[in-house]
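Questions regarding the structure given below will be posed in turn.
Read the figures in this text as sums done on the coordinates, not as results from a lab. Fair warning: this is a prediction, and the values are worked out from it, not measured in the lab. We place every Cβ from the backbone using ideal geometry, glycine too, and count neighbours over all the protein chains shown.
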Amino acid sequence: MTILYKSDAARGAEWARLHRERAPDIPFRVWPDAGDPKEVRYVIAWTVTPDFLAQYPNLEVLFCTGAGIDSLGLGALPPSLPVVRMIEPGLVEGMVEFVTMAVLSIHRDAYAYARQQAAGQWKALPVKTAAQTRVGVLGAGVLGRAVLGRLAAFGFPCAAWSRTRPAIDGVEGYGGEGELDAFLARTDVLVCLLPLTPDTRGFLARRALAALPRGASVVNVGRGGHLVAPDLLELLDSGHLAEAVIDVTDPEPLPAGHAFWSHPRVHLTPHIASETQIPTAVDALIANVRRHRAGEPLPGLVDRSRGY
Ligand code: NAP
Ligand code: GLV
C-alpha cells in the first residue's frame, strides 16, 4: 500500500522525509520512483492526466496538494475515483494573512499613499474606522470562514455569499443568485474565495462588479478564471472600482505586456496568497489515509457533481 507523490520534486523530498518520520508504516514514494505500480493506492498531485493515473490499476484515492482542485481536470478523471482537496492549517493561515493584508491596505489607503509617494505628494486622506468598510467574501468554505473570522475581529462589517446561505456568527449570510445583488450592494471590499467550476468561471465580470457600490475594491484570491480582465479594467478606469488586488491570473504566469502589469490600481502577486505548508499537510494526508483504511469519511472529499 503505497502513497505516490507527483508534484514539485524539491518539495517532494521534504514530503517524503517528514512522512517517513511520522508514518513509517505507510510507504511513500516520489514520482518517477513509483516502485511496483500495483502497490500504489494513493496519489497526491497538483496536476494529473488520465494516462498517468491509468498506470496504477489499484489506485483508491487521488489527493490534491492544494485546496483548489481545478488543476486536476476533474472532467477527464474516472467518475468513481474519490478526489480529496487539501485542508490543512498552514494553508488556511496563509490565506487569512494575505486577505487581511489586502483588506487593511485598501481600508487604510496604502495603495493610494504608494501612488502619492511616487508622485511626491504629501496629502492626508480621511482616516476611516473599520465600521466604515464593509467586507464581502464570495465563498464561505474552509478559507472564506477563516478569513471572515479574522476580519470581523477588526470591526469590519462582514458578509459572506455562497451557494447555500451560510450561518456564521457575526457575519451576514447571503445564499444563491436571489441574494447576490443585496450582498454586492452592501460590499465595499469584495474578496473572491470561490472554487473554479463551470458555474463560477467568469463570475467576476461586469454584471457582478458593476453591482458593487462606486469606489469598491476587489481582491481575487480564488482563480484567474473567475475574473474577466477587460471588465475589471474598464470599471477601474471609469472610477467605479478603486483597487484590484490580483493574486491569480489566467493564464499563469501572466503574459508580458498584459495590462495588469502596469495598471496603477492593479496590485499583482504571483499566486502566493497561500501555499500548502508541508509540515502540517503531511499530517493531514496521513490522517486521511488512515481514515480511508478505516472506512471513515474523508474531510475534503470533492463532490464530483458540484465540482468542488
Ligand atoms: P471550499 O471549502 O470548498 O469552499 C467553497 C465555497 O464556495 C463554499 O462555501 C461553496 O458554497 C462556495 N461555492 C462553490 N460554488 C459556488 C457557486 N456556484 N455559487 C456560490 N457559492 C459557491 O473551498 P476552500 O478550501 O475555502 O477554497 C476556496 C478556493 O480558494 C479554492 O478552490 C482555490 O481556488 C482558492 N485558493 C487560492 C489560493 C491562492 O493562493 N490564491 C490558495 C488556496 C486556495 P456552499 O458552502 O454552499 O457549498
Ligand atoms: C492554491 O492555489 C491552492 O488551491 O491550494
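In the range 54-87, what residues are of a type outside the set (A, V, I, L, M, F, W, C) and either more than 14 Å from ligand 1 (Cβ to nearest atom) or within 13 Å of LEU298 (Cα to Cα) (or both)? Give the steps one after another, and end with the answer.
Of all residues in the range 54-87, those of a type outside the set (A, V, I, L, M, F, W, C) come to 55-58, 60, 65-66, 68, 70-71, 73, 75, 78-80, 82, 85.
The answer is GLN55, TYR56, PRO57, ASN58, GLU60, GLY73, GLY75, PRO78, PRO79, SER80, PRO82, ARG85.
On to the next question. I'd like the full set of residues that are in contact (Cβ under 8 Å) with a residue 40 or more places away in the chain and buried (at least 18 other Cβ atoms within 10 Å of the Cβ), limited to the range 40-63.
Residues satisfying the conditions are ARG41, TYR42, VAL43, ILE44, ALA45, VAL48, TYR56, VAL61, PHE63.
When ALA205 is evaluated against the numbered criteria (1) touching an Asp or Glu at 6+ places or on another chain (Cβ under 7 Å); (2) more than 19 Å from VAL96 (Cβ to Cβ); (3) touching a residue at least 40 places away in the same chain (Cβ under 8 Å), which criterion, by number, is the only one it fails?
Only one criterion is unmet by ALA205, namely (3).
So which residues in the range 64-76 are over 20 Å from ILE278 (Cα atoms) and in contact (Cβ under 8 Å) with a residue 24 or more places away in the chain, if there are any at all?
As a first pass, look at the range 64-76 and keep what is over 20 Å from ILE278 (Cα atoms): 70, 73-76.
Of everything in the range 64-76, those that are over 20 Å from ILE278 (Cα atoms) and in contact (Cβ under 8 Å) with a residue 24 or more places away in the chain turn out to be ASP70, GLY73, LEU74, ALA76.
Of all residues in the range 157-198, which are of a type in the set (A, V, I, L, M) and within 16 Å of ligand 2 (Cβ to nearest atom)? Walk me through how you get there before you give the answer.
Pass one, the range 157-198, residues of a type in the set (A, V, I, L, M): 159-160, 167-168, 171, 180, 182, 184-185, 189-191, 193-194, 196.
If the condition is that a residue be of a type in the set (A, V, I, L, M) and within 16 Å of ligand 2 (Cβ to nearest atom), then VAL191, LEU193, LEU194, LEU196 are the ones that fit.
A follow-up question, please. Hey, can you tell me all the residues within the range 249-303 that are away from ligand 1 (no atom under 14 Å from the Cβ), assigned to a loop (DSSP other than H, G, I, E, B) and of a type in the set (A, V, I, L, M)?
ALA256, ALA294
I need every pair where a residue in the range 136-159 that is closer than 10 Å to GLY170 by Cβ has its Cβ under 6 Å from the Cβ of a residue that is buried (at least 18 other Cβ atoms within 10 Å of the Cβ) and of a type in the set (Lys, Arg), sequence separation at least 6 or different chains.
PRO157/ARG134
Right, another one. Looking at the range 88-109, I want the residues that are within 21 Å of ARG134 (Cβ to Cβ) and have a partner that is within 16 Å of ligand 2 (Cβ to nearest atom) and in a helix (DSSP H, G or I) with Cβ atoms under 6 Å, at least 6 apart or on another chain. Which pairs are those?
From the range 88-109, the pairs are MET95/LEU143; VAL96/ALA146; VAL96/VAL147; VAL99/VAL147.
Can you name the condition, by its number, that ILE246 falls short on among (1) crowded, with 16+ Cβ neighbours inside 10 Å; (2) more than 22 Å from the chain's Cα centre (by Cα); (3) hydrophobic (A, V, I, L, M, F, W, C)?
Single failed check for ILE246: (2).
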